[in-house]
1. List the distances, in nm to one decimal, from the label point of residue B:211 to the label points of the same position in every other copy, shortest first, placing each label point 7 Å from Cα along the Cα-to-Cβ direction.
2. With the Cα gyration tensor of chain A giving a ≥ b ≥ c as the square roots of its eigenvalues, does the rule (a/c under 1.5 for rounded; else a/b larger than b/c for prolate; else oblate) give rounded, prolate or oblate?
3. How large is ³J(HN,Hα), in whole Hz, for each residue of the range A:165-176 in order, when computed from phi with the Karplus curve 6.51 cos²θ - 1.76 cosθ + 1.60 and θ = phi - 60°, using x for Gly and Pro?
4. Which of A:181, A:220, B:89 comes first, and how do the rest follow, when ranked by fewest Cβ neighbours within 10 Å?
5. Among all cysteines in chain B, which have no other cysteine Cβ under 4.7 Å from their own Cβ?
6. Hey, what did chain A get for relative contact order, percent, Cα under 8 Å, at least 6 apart?
7. List the pairs from A:89/A:187; A:220/B:158; B:89/B:158; A:181/A:220; A:158/B:220; A:89/A:181 whose alpha-carbon separation is above 30 Å, in the order I gave them.
8. Classify the range A:118-266: rounded, prolate or oblate, from the alpha-carbon gyration tensor (a ≥ b ≥ c, eigenvalue square roots; a/c under 1.5 rounded; otherwise prolate if a/b is larger than b/c)?
Protein chains: 2
Amino acid sequence: MSSSYSSSDRPLILICNDDGIDAPGIQSLATALDGYGELCVVAPEQEQSAVGHAITVRDPVRAHSYEFDVPSGPICAWAVTGTPADCIKLATHQLLDRQPDLVVSGINRGPNTAVNILYSGTVSAATEAAILGFDAVAVSLCSFTLDEYEVAGRYAEKIVEQVLDEGLPPGVLLNVNVPAKPMDEVKGIRVTRQARSRWEESFEARVDPFDRPYYWISGKFVNLDDGDETDLQAIENDYVSVTPIQFDLTAYNHLDAIRGWRWNGR
Amino acid sequence: MSSSYSSSDRPLILICNDDGIDAPGIQSLATALDGYGELCVVAPEQEQSAVGHAITVRDPVRAHSYEFDVPSGPICAWAVTGTPADCIKLATHQLLDRQPDLVVSGINRGPNTAVNILYSGTVSAATEAAILGFDAVAVSLCSFTLDEYEVAGRYAEKIVEQVLDEGLPPGVLLNVNVPAKPMDEVKGIRVTRQARSRWEESFEARVDPFDRPYYWISGKFVNLDDGDETDLQAIENDYVSVTPIQFDLTAYNHLDAIRGWRWNGR
């Protein structure tokens, strides 16, 4: 879809995240993409981690304009009261003057590898963009503690450059994860698949001052995949993982077997 | 996984939804499944439509026991303050005495066909169950206005019977949609794929009494798929659609092409 703007126009890049519009990751992303086109940030007013593909249907959403600076100067920005998927819908239908050429979401605080893709608001913003027909990339840094997004920003830049050049197939977005390492220790980019994994959760039961129980979720992430070319394997080996993902959830490999069950005529 | 209980034990069926524990659809589902095993309902205290695969990580969740009756008598039930995915995690890690043999989510008010699968809390409850390794089925009635879930309950029963007999492949769940028709007009069951579609949204801008703008999402659902064997086609032709779905989002068909981009060595 990169051909939809002529060489005299600058591509419009819409930037979103799930950590909130004042998170350091989205600032680093916008800074890294400064110069690649016209930028507009439309992101949640507050942190929206782990909201998945939630959208706001029972309440209205609000948007207010926001001050957002990149090295070349101030850019268009809106803070939205809804989820990341809401941001993309509201931006493309209401807030932007023209349709974006590319949507980039991130840089997320923490990895969105393996099954975490399903829980991630950052990935869901990019998925919503792909559903609406736009090229889209989600970028995450594989650390919850490191507040240094420069390396991830450099890789976001490389990958955005490629996507603007090549264009993505319809319905496909790129899910990028960057190891929390200095630039000279990152070995390059690998195109990967989503590893099989799950969270082994436990709930910590506590009692409030009024003697009522409540539960905090906690858990241990478990890699169930010892195969090659997974996103987790790339990160463990200090590569940036680029996983092309899509949103047709049909289990095509199992259609025939399940068609063979005794469904009708009983 | 249906072999995990011996013939002398009754299977434990965990029931969830996203419309809330007092919605008529979950009552009809539990009533339909009465007799198929030991039932336990763990469902959101309040409506959680369109929350997708959101989980609650920044706040604790609470659960309180709930009165829930089926024709054979009262059953185990818990109302949870979180999302449908939270319910499955909390039920299987904290609330249930043993692991469920099957998780059934629904009966949802409104279709969860095509791209709506991604926004659905009802489907996400079943997806979370599949991630955790349990057989799982989501059931939806294709009407937002008909408050009559008996036909959908009858089909839920048929499909649960099959799943208890056959067991599902690991990582695969069934997404079932039932047309809003009388029993004798439903023509049977079709095993389908997720149709390509999208919402053509518009936002209705309003101004509150304090002169601040806000937006309501609204939109028109558009079927982009004129191929055969889709969930939408089945419903249009008065069939129940059964779509096997999975949660590996990797776009396998595009891996090779994207591997061919100029990623490294620049």
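Readers should treat all values here as calculations from the given coordinates under stated rules, not as data from a laboratory. Note that the coordinates shown come from a computational prediction; the quantities given were computed from them, not determined experimentally. Here Cβ is always computed from backbone atoms with ideal geometry, including for glycine, and neighbour counts include all displayed protein chains.
1. So the label point of residue B:211 gives 5.3 nm to the other copies.
2. The shape class here is rounded.
3. Whole-Hz 3J(HN,Hα) from phi for the range A:165-176: 5, 8, x, 9, x, x, x, 10, 10, 9, 9, 9.
4. Fewest-to-most ranking of A:181, A:220, B:89: A:220, A:181, B:89.
5. Within chain B, the cysteines lacking a partner Cβ under 4.7 Å are B:16, B:87, B:142.
6. Relative contact order for chain A comes out at 18 percent.
7. With Cα atoms farther than 30 Å apart: A:89/A:187; A:220/B:158; A:158/B:220; A:89/A:181.
8. It is oblate, given that a/c is not under 1.5 and a/b is not larger than b/c.
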